[in-house]
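Working notes, beginning with the structure itself.
Every number here is computed from the coordinates shown, using simple stated rules; none is lab data. Here the structure is a predicted model, which is why all the values come from computation and not from measurement. Ideal geometry is used to build each Cβ from the backbone, glycine not excepted, and the neighbour counts take in all protein chains shown.
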Amino acid sequence: MKKVLIAYASRTGNTKKMADFIAEGVRMAGKDVEIKKISELKNEKAIEGYDAYVFGSPTYHRDMTQGMKTFLFLGQKLDMQGKVAGAFGSYTHSGDAPAIILDTMQYVFKMDVVELGSFNLKEDVLPTPSGTRACQDYGRAIGEKLGD
Ligand SMILES: Cc1cc2nc3c(=O)[nH]c(=O)nc-3n(C[C@H](O)[C@H](O)[C@H](O)COP(=O)(O)O)c2cc1C
C-alpha cells in the first residue's frame, strides 16, 4: 500500500491537530500514513521510503519554525523528485509558513505538488466541524493523487 509521511512542527498543538485530521483523510483515500514530529526525525534515513510527504509548520513571526527550516535541509540529502507533496499549518493572521515550505518542495526538491496547493487553517476554525473537514479533505486529496 502507498505510504504517506506527515511531518510537523507545533508549539501549542494546533498544527499537530491538523496533522491528525489530515491523516484521517489520507486513510479515507485508502492509503497508509505515519505522523511524526520533526524532532523525532533525526536523519535522512528516517524520512526515506514514502510515496508522499506532507510537511506542517505554524507561522511565527511571518515564517516557518526554526526546527522546520533545519528539517528541510535534511530533505536536501534525499531524492524526493516526483514524489507527491503538500504543506500545512495553523495561523492567526498571515499564515506564511505553508506556502514557503511548499515552494521549497516544488522548486528545490522538484516534487509533485497537490493541486490544492498549500493549506492554511486559522486556529479558531480548527475546533469546528468545517475545520476538521477541511483537514480531512486535504489529506484525501494527497491520498487520491497517489493513485492505486
Ligand atoms: C509570538 C507569536 C508570533 C506569531 N506570529 C504569527 C504570524 O506572523 N502570522 C500568523 O498568521 N500567526 C502568527 N502567530 C499565531 C500562530 O501561528 C498560531 O497561534 C498557531 O495556531 C500556532 O500553531 P501551533 O499550535 O501549531 O504552534 C504567532 C503567535 C505567536 C505566539
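Cβ-Cβ under 6 Å, sequence separation 6+ or interchain: first residue in segment 126-148 and closer than 14 Å to S90 by Cα, partner β-branched (V, I, T) and crowded, with 19+ Cβ neighbours inside 10 Å. Which pairs?
From residues that are closer than 14 Å to S90 by Cα, the pairs are C135/I22; Y138/I22.
Take segment 1-16 and flag every residue that is within 17 Å of R140 (Cβ to Cβ) and either loosely packed, with under 14 Cβ neighbours inside 10 Å or within 13 Å of the ligand (Cβ to nearest atom) (or both). Don't jump to the end; show me each part of the working.
Taking segment 1-16 first, the residues within 17 Å of R140 (Cβ to Cβ) are 1-6.
Hit for segment 1-16 is M1, nothing else.
What residue, among those in segment 28-41 that are touching a residue at least 60 places away in the same chain (Cβ under 8 Å) and in contact with a strand residue (DSSP E or B) (Cβ under 6 Å, 6 or more places away or on another chain), is nearest to the ligand (Cβ to nearest atom)? Before the answer, list the steps.
Step one: filter segment 28-41 for residues touching a residue at least 60 places away in the same chain (Cβ under 8 Å), giving 28-31, 33.
Pick out the ones that are also in contact with a strand residue (DSSP E or B) (Cβ under 6 Å, 6 or more places away or on another chain) and you get 31, 33.
On the way: K31: 24, V33: 19 Å.
In this case the residue turns out to be V33.
With (1) within 22 Å of D63 (Cβ to Cβ); (2) surrounded by fewer than 15 Cβ atoms within 10 Å (Cβ to Cβ) as the list, and R133 as the residue in question, which single condition is left unmet?
(1)
So, restricting to strands (runs of 3 or more DSSP E) that lie completely within segment 47-138, which ones have at least 3 residues that are away from the ligand (no atom under 14 Å from the Cβ)? Quick ask: steps written out before the conclusion?
Working: elements: 52-56, 84-91, 119-122.
Those strands (runs of 3 or more DSSP E) span 52-56, 84-91.
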